[in-house]
Amino acid sequence: MKALAARRRHPAAIAVLILLGLLVTGGAYSFLAPKQAQATTVTADSVAQGKKLFIGNCASCHGLNAQGTGEGPSLVGVGAASVDFQVGTGRMPLAGPAVQAPQNPGKVKFDEAQIAALSAYVASLAPGPAVPDGEYTTPIAPGDEVAAGQTLTNSQRIARGGEIFRVNCAMCHNFAGAGGALTRGKYAPALTGTTPTHVYEAMITGPQSMPVFNDTNITPAGKQEVISYLDAIDNQTNVGGMTLGNLGPVSEGLFAWVFLLGLMIASAVWLGKKAA
Amino acid sequence: MSTINETRPAEALRDGDPDVEQERADTKPLGGIAGWLDDRTGGAKPASHFLKKVFPDHWSFMLGEIAMYSMIICLLTGVFLTFWYVPSMTQVVYNGSYVPLQGVTVSDAYSSTLNISFDIRGGLLIRQIHHWGALIFVVSVFVHMTRVFFTGAFRKPREINWVLGTLLSMLACIEGFAGYSLPDDLLSGTGIRAMNGFVQSIPIVGSYVSYFIFGGAFPGEAIIPRLYSVHVLLLPAVLVGVFTAHILFVVIHKHTQFPGPGRTNNNVVGFPLMPVYMAKAGGFFFIVFGIIALVSAVVSINPIWGYGPYDPSPITAGSQPDWYMGFADGALRLLPGFLEFDTFGFTWSMNIFPGSILLLPIMWTVIGVYPFVESWVTGDKREHHLLDRPRNAPTRAGIGVAGITAYTVLLFASGNDLMAIKLHLSINDLTQLFRLLFFIGPPIAFWLTKRICLSLQRADRQKVLHGRETGTIWRYPDGRFEEIHAPLSPFERWALVQHESPEPLRISAEADENGVASPLARKERVRAKLSHFYFNDRVAPPTPSELEAAHHHGDEVDEGHLLTGEHEAIDPATTGDSSSTPRETIKADRKRST
Ligand code: HEM
């Protein structure tokens, strides 16, 4: 892991990562967990519709048969989950060259049926991770009940999700999922507002610089706990008041220098002007 | 104790003595409780002396007060926190009311801090007041320090107080760091982890020192209790002690004042401490407290429940220390990794050591010795109770801004990752940029500041000689246009001409009769060079004769008005006229002749 970390900055890292991502998602995943339930019913109809959409919108970069071109990687074996994630978060179709495809939740170009069709088409090329069904993408509601097959209470499972998150994700996405910087202009985006399904898909497909978290790495139940934790901190009342973006001491320091000191000096000036 | 009320023989010996008891009762204006207290403590005299102290009024003189009040606020709220905080690294299972952590194994320290935040009435508010108070404390100490620097308030006789202040600012930062580490959350634990790395980077002894501090291998069980003793006992005691000395010196030296009508090096113009300044200062305490409390009530700080408990394996993106330690973190981020090397079986971590350990003593030493360096260079050993307007000491202002620039570059570098995200830039490019800025920023800042000061001085000079521009344009019968300059009042003018503008020190005897350069001469040559650096570009304030000449030139509309009584205003500063020899030369002459 250490050696890997050291080579992250290497120019070839992107290529290696994409390759690795493809390999891992397309290859290893299908070995490890090939039997995940298919969320959308695949019909020959939707595959054909997906192919049409693909040729119209994606082929310029990904090639007519999704085999990849100089402009975009091959999508053979990336699976329905990857397409659903990339298109559903507004990343694809890529608007233009950038260090990384930006998420764009406000500008998703296709409706759900079209995304399903696109996913079905890409999934039909080679097996890959499927779009998860609702079982593991519904956030756990906090409480003292113990769900069937679990040893921990619901609240404790959310807390365990927090531990998983801190160990596996916080180094890139920040403790509150506020996002963080990676090398050379790349970044791990903020996770606030990302739908549970997309969070799940991000973990199983590992978009760009993000590693893949397969089911032995983090079990589906563990992934659900992570999703529940993100949901819990997203919905909690901020007991301390305004969070200043949850960016830690930097935003606090800035606030102290600009706002607090400004107020103090303003009142010192005001008091100095007061006649004795 | 005798109960018999008769005059004893020995009493007769005191017959001629003045009746002290009686006299005091007669002259003492105090009655009631104050009188009762005075009889027993004799405190009235010093107290009234103190209360009659005069303080000049200027908003920048309140910066020190902001520091003082926020320190007091931290002391008070800190006591509250000690009632519930448990300084222990014993692992417990958290079962408090914060759901996303229920059932997680955490340390006592972390769990008790969570309890203060969620389960103790008012606890979170007090925690936030304590932390915001600490931030503004260090902010105001630094701003206070820049005020003292740029106005030259550190000059004789206040050098010791400057050194004490330097010490205070360093202690404040360390106190903050110790406190910040106490909750044992992921972020502060990362800070301690980093500190461990810094300590280990000390050549040769690093690992021993680390074992010594942590009572074994990191993290151990000892660090939190130890930091606790440092944070609530050791450093507050030292801080309050040094602070008291600092304030005593202010009373002894009297406060400085900005030059103005009637203000001389030998008086203080302002209001007596009692009642005017007391009311103002007391009121200001509540304003400071109010602002901090208000901010603490609405803005979250250090949300430790979000960071999670400390655990050596995870880390969060955006791990930074509190701002006052940011400059060291930034220095660390800027140091290139290739500086580490091995020789003699030791690893020399020069990629870490200079930024994290060495930087602190260097920075504070440079700050601490500045007054002594300046007075050596300028040869100025006189007492100064009138402040400089920053523009009238252009080189000092330049040095100050250069230092602030270097510090700011380091501080900003510690936020390079957040800047990269927010500004959509590459963190690598930002790091390179900061490396560059660290070296070229200070000289540029120095040059710019000095130029700005000099042009401000020139503008002042113009204003004195030709009056204030009114913006009114006159057209003469011959078609000429001219802007009308209004004369300055003697008071206004005084403020612009009272300062002195020393000429660079000149040195002539570089070698003795035998042509051997004497060590003294060499030292003096360095000094002359530095003096040249300080005073070579100078804009002298106008002299009375120059002013006279300007008047005859007929620049003002109302000459008659101007010519009355402005000479008193201009004389005191420039006694001896422009031909007077600057004191530096005299000084050097004397040295040469010895
Ligand atoms: C614990 C932190 C500090 C506190 C509470 C504090 C408080 C004060 C107060 C209340 C005054 C009188 C009013 C004023 O000039 O603002 C003062 C004066 C002074 N302070 Fe501080 N100060 C602190 C840190 C510093 C630092 C960091 C320095 C510089 C390194 C410094 C240097 C001075 C000097 C030289 C004076 C005398 C200035 C004059 O009379 O004009 N102090 N301080």
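The values are calculated or read from the model by the stated rules, or taken from the named source; none is laboratory data. Computed from a predicted model, the values in this text were never measured in an experiment. Note: ideal-geometry Cβ built from the backbone for every residue, glycine included; neighbour counts use all protein chains shown. Areas reflect the complete protein model, heavy atoms only, side chains present, ligands, DNA and RNA absent. Shrake-Rupley method; radii C 1.70, N 1.55, O 1.52, S 1.80 Å.
Before moving on, here are some points about what is shown:
- Checking each residue in region B:210-233 for being surrounded by fewer than 16 Cβ atoms within 10 Å (Cβ to Cβ) and of a type in the set (A, V, I, L, M, F, W, C) picks out B:Phe212, B:Ala217, B:Ala222, B:Leu233.
- For region B:254-273, the count of residues that are assigned to a helix (DSSP H, G or I), within 16 Å of the ligand (Cβ to nearest atom), modelled with pLDDT under 85 and among the aliphatic types (A, V, I, L, M) is at least one.
- With respect to being within 43 Å of the chain's Cα centre (by Cα), in contact (Cβ under 8 Å) with a residue 24 or more places away in the chain and over 14 Å from B:Pro542 (Cα atoms), B:Ala486 fits the description.
- Of the helices (runs of 4 or more DSSP H) lying entirely inside region A:111-179, those containing at least 1 residues that are more than 30 Å from B:Leu418 (Cβ to Cβ) span A:112-125, A:154-168.
- Pick from region B:328-374, criterion out of contact with any helix residue (DSSP H, G or I) (no Cβ under 8 Å at 6 or more places or on another chain) and small (Gly, Ala, Ser), ranking: least open to solvent (accessible area, probe 1.4 Å): B:Gly337
- Residues of region B:165-183 that are in contact (Cβ under 8 Å) with a residue 60 or more places away in the chain and away from chain A (no Cβ under 14 Å): B:Gly165, B:Thr166, B:Leu167, B:Leu168, B:Ser169, B:Met170, B:Leu171, B:Ile174, B:Glu175, B:Leu182.
- Residue within region A:239-258 that is assigned to a helix (DSSP H, G or I), farther than 29 Å from B:Leu125 by Cβ and not assigned by TED's automatic domain parsing to the domain that holds A:Ala98 present: no
- Residue selected from region B:309-327 under the condition surrounded by 24 or more Cβ atoms within 10 Å (Cβ to Cβ) and aliphatic (A, V, I, L, M), by the criterion farthest from the other protein chains (Cβ to nearest Cβ): B:Met325
- Pairs with Cβ under 6 Å, 6+ apart, first in region B:138-164 and within 14 Å of another protein chain (Cβ to nearest Cβ), second more than 6 Å from the ligand (Cβ to nearest atom) and aromatic (Phe, Trp, Tyr): B:Val138/B:Tyr324; B:Val139/A:Trp257
- Taking region A:206-215 as the range and being open to solvent by less than 30 Å² (accessible area, probe 1.4 Å) and at pLDDT 90 or above as the test, the residues that pass are A:Val212, A:Phe213.
- Test: residue in region B:181-200 that is assigned by TED's automatic domain parsing to the domain that holds B:Gly368, touching a helix residue (DSSP H, G or I) at 6+ places or on another chain (Cβ under 8 Å), charged (D, E, K, R) and surrounded by 21 or more Cβ atoms within 10 Å (Cβ to Cβ): yes
- Cβ-Cβ distances below 6 Å connect the following pairs, each with a first residue in region B:55-71 that is at pLDDT 85 or above, a second residue that is within 6 Å of the ligand (Cβ to nearest atom), and a separation of six or more residues or different chains: B:Leu63/B:His144; B:Gly64/B:His144; B:Ala67/B:Val141; B:Ala67/B:His144.
- Across region B:440-479, the qualifying residues are those that are among the charged types (D, E, K, R) and modelled with pLDDT of 90 or more, and the one among them that is nearest to B:Pro394 (Cα to Cα) is B:Lys450.
- Note on region A:106-132: residues that are under 17 Å from the mean Cα position of the chain (by Cα) and not basic (Lys, Arg) amount to 6.
- Looking only at residues of region A:174-186 that are touching a residue at least 12 places away in the same chain (Cβ under 8 Å) and crowded, with 24+ Cβ neighbours inside 10 Å, we find that the one that is farthest from the other protein chains (Cβ to nearest Cβ) is A:Gly177.
- Conditions (1) surrounded by fewer than 23 Cβ atoms within 10 Å (Cβ to Cβ); (2) more than 7 Å from every other protein chain (Cβ to nearest Cβ); (3) farther than 25 Å from B:Val299 by Cα: number failed by A:Asp231: (3)
- Residue ID - farthest from the other protein chains (Cβ to nearest Cβ), chosen from residues in region B:90-106 that are open to solvent by 20 Å² or more (accessible area, probe 1.4 Å) and either of a type in the set (A, V, I, L, M) or within 16 Å of the ligand (Cβ to nearest atom) (or both): B:Val92
- Residue that is free of Cβ contacts under 8 Å to residues at least 60 places away in the same chain, more than 7 Å from every other protein chain (Cβ to nearest Cβ) and either part of a loop (DSSP other than H, G, I, E, B) or within 16 Å of the ligand (Cβ to nearest atom) (or both), where the choices are B:Ile120, B:Ile126: B:Ile120
- Residue list for region A:197-214, filter: farther than 22 Å from A:Ala116 by Cβ and either part of a helix (DSSP H, G or I) or in contact with a Leu (Cβ under 6 Å, 6 or more places away or on another chain) (or both): A:Ser209, A:Asn214
- Residue check: B:Phe286 meets all listed conditions (1) of a type in the set (A, V, I, L, M, F, W, C); (2) more than 14 Å from every other protein chain (Cβ to nearest Cβ); (3) loosely packed, with under 15 Cβ neighbours inside 10 Å but one, namely (2).
- B:Val276 vs. criteria of a type in the set (Val, Ile, Thr), more than 11 Å from the ligand (Cβ to nearest atom) and assigned to a loop (DSSP other than H, G, I, E, B): no
- Filtering region B:144-191 to residues that are acidic (Asp, Glu) and either near the ligand (Cβ under 10 Å from one of its atoms) or in a helix (DSSP H, G or I) (or both) leaves B:Glu159, B:Glu175.
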